[in-house]
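S.K.: Provided herewith is a single structure, encoded as structure tokens, for subsequent inquiry.
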Amino acid sequence: MEPPSPLPPSPVQRCRRWFESLSPLHAALFAGFLAWAITTLLYAPPFWMPLAGGGPSSARIDDFIKMCRNPLARDLFEPILAYRITTPALAWALGLRGFSGVILQYSAIVATLCIVFHVMAKRTDRLLALWTTVGVAVTYTIIWTNTKPGFPDAVTHLAVAVTLLSTSPIIALIATVFGTLNDERFVLAIPFVLLWFADEESFFVTIRNLWKLALGFATGLAIALAFRHALTVGWIGSSIVKPQVYNEIQTLAWSPWLGWKLFFINTVLANRAMWLVLLAWTPGRLVSIRNWTDYACLLALLFAVAASTVVADVSRSIGFAFPWILIGMAKAFQDDSRFARRLCSVSVILCILTPAFYFPGKVQWHRPLPLSIYRASSGWDLMDLIRK
């Protein structure tokens, strides 16, 4: 009697085999573009608004366009943007002197996601790396910048992602200068980059191996601060009057900008169901003395959340600390690869199944692409049913 012929591979198995057969570069490109496509489909820009500026509620994009034409412009609606010149300066240098400067913003989104996949695939496997990449894409790390032309946070995210590739202090220095001068919240990611390369078993081995990397970050911050001072006093361009927002931040003391209730709501919304990645730090890991990096990572995450009390865009700010998600999934994979995949896939699926909101006092819903296009073409919005 002949043995039964094996069953043909399922479509899922065929897709996985094809994905595993790709070169590292092609796999990273596929993952990056796929994650971007997913987040754009689920959370699209508000196409019913004048995305290219010149209309109501377009102050940020108007400022961005103005700075792409002249990176040293000072007549800005938000004066603090005069310090955030990386993307406008690059756009100006490349001849993207207007709304076309958003090309850099959206290119950086894809590049960031490609690097996230690459570093995770080297540390874990391609399947978990793909889930993690999509997971980052469905948090406010990507949702915010992807839905808001003129908010080039992705350029800072890209600078952070680049530092995850190597312990080179030169790369860290350059990335810090570019990232910080694009948005000072780059500093929230530095502790996680150091922990990404840390030795779990020895704090002193980590110091010996990473002191040059830490020096690269510190030197980059010093250069960025010196450049900001040059902008302030007028050594580069016209001098900058201290933005009012800095005075407002200083008066907050221990009270969050939005109040405690809205602060906690927007903290949860920042990573949405991806907060479940915290389950990667199991009690078994935390009671192990050798895993000092677990405590350090959780402490750095607490600092990033606490630092976000001084801004109104809480969800956006916490998004700059996105490497904690990579660290958590890598630790979970180290302990139990099957648990890591389940944890990440469940978190991502929950994000996909639930709408994305931001709540600075009134609900701001990031609509799926079909609904955004439909509102732009017809004027009707699903939220009209709720408002009535």
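The values are calculated or read from the model by the stated rules, or taken from the named source; none is laboratory data. Note that the structure is a prediction, hence the values are computed from the model and not measured. As a convention, Cβ positions derive from the backbone with ideal geometry for all residues, glycine included, and neighbour counts pool all protein chains shown.
S.K.: On the basis of being at pLDDT 90 or above and farther than 21 Å from L194 by Cβ, does N247 make the cut?
M.R.: Numbers: at pLDDT 90 or above: no; farther than 21 Å from L194 by Cβ: yes.
Here the answer is no, as N247 does not meet what is asked.
S.K.: Going by what's in this entry, would G284 be described as on the phi > 0 side of the Ramachandran plot and either surrounded by fewer than 18 Cβ atoms within 10 Å (Cβ to Cβ) or modelled with pLDDT under 95 (or both)?
M.R.: Details: on the phi > 0 side of the Ramachandran plot: no; either surrounded by fewer than 18 Cβ atoms within 10 Å (Cβ to Cβ) or modelled with pLDDT under 95 (or both): yes.
When the stated conditions are applied, G284 does not pass them.
S.K.: Let me ask you something else. Determine which member of the set T147, T156 is of a type in the set (S, T, N, Q), farther than 14 Å from F117 by Cα and out of contact with any helix residue (DSSP H, G or I) (no Cβ under 6 Å at 6 or more places or on another chain). Before the answer, list the steps.
M.R.: Details: T156 fails: out of contact with any helix residue (DSSP H, G or I) (no Cβ under 6 Å at 6 or more places or on another chain).
T147 is the lone residue from the list that is of a type in the set (S, T, N, Q), farther than 14 Å from F117 by Cα and out of contact with any helix residue (DSSP H, G or I) (no Cβ under 6 Å at 6 or more places or on another chain).
S.K.: Among S345, S337, S372, which is the only one that is modelled with pLDDT under 95, among the hydroxyl-bearing types (S, T, Y) and farther than 26 Å from D199 by Cα? Break it down stepwise before answering.
M.R.: Values: S345 fails: modelled with pLDDT under 95; S337 fails: farther than 26 Å from D199 by Cα.
Step by step, each of S345, S337, S372 is checked, and only S372 is modelled with pLDDT under 95, among the hydroxyl-bearing types (S, T, Y) and farther than 26 Å from D199 by Cα.
S.K.: Given the condition in contact with a Leu (Cβ under 9 Å, 6 or more places away or on another chain), surrounded by fewer than 18 Cβ atoms within 10 Å (Cβ to Cβ) and among the polar types (S, T, N, Q), answer yes or no: does some residue in region 209-223 qualify?
M.R.: Yes, region 209-223 contains at least one residue that is in contact with a Leu (Cβ under 9 Å, 6 or more places away or on another chain), surrounded by fewer than 18 Cβ atoms within 10 Å (Cβ to Cβ) and among the polar types (S, T, N, Q).
S.K.: Since G361 meets every condition but one in (1) part of a helix (DSSP H, G or I); (2) over 17 Å from N271 (Cα atoms); (3) of a type outside the set (S, T, Y), which condition does it not meet?
M.R.: The one condition G361 does not meet is (1).
S.K.: What's the number of the only condition in (1) surrounded by fewer than 21 Cβ atoms within 10 Å (Cβ to Cβ); (2) of a type in the set (F, W, Y); (3) in contact (Cβ under 8 Å) with a residue 40 or more places away in the chain; (4) touching a Pro at 6+ places or on another chain (Cβ under 8 Å) that F64 fails to meet?
M.R.: (1)
S.K.: Something else now. Would you point out which residue out of F77, F117 is in contact with a helix residue (DSSP H, G or I) (Cβ under 9 Å, 6 or more places away or on another chain), without any contact (Cβ under 8 Å) to a residue 24 or more places away in the chain and either of a type outside the set (V, I, T) or in a helix (DSSP H, G or I) (or both)? First the steps, then the outcome.
M.R.: On the way: F117 fails: without any contact (Cβ under 8 Å) to a residue 24 or more places away in the chain.
The unique qualifying residue is F77.
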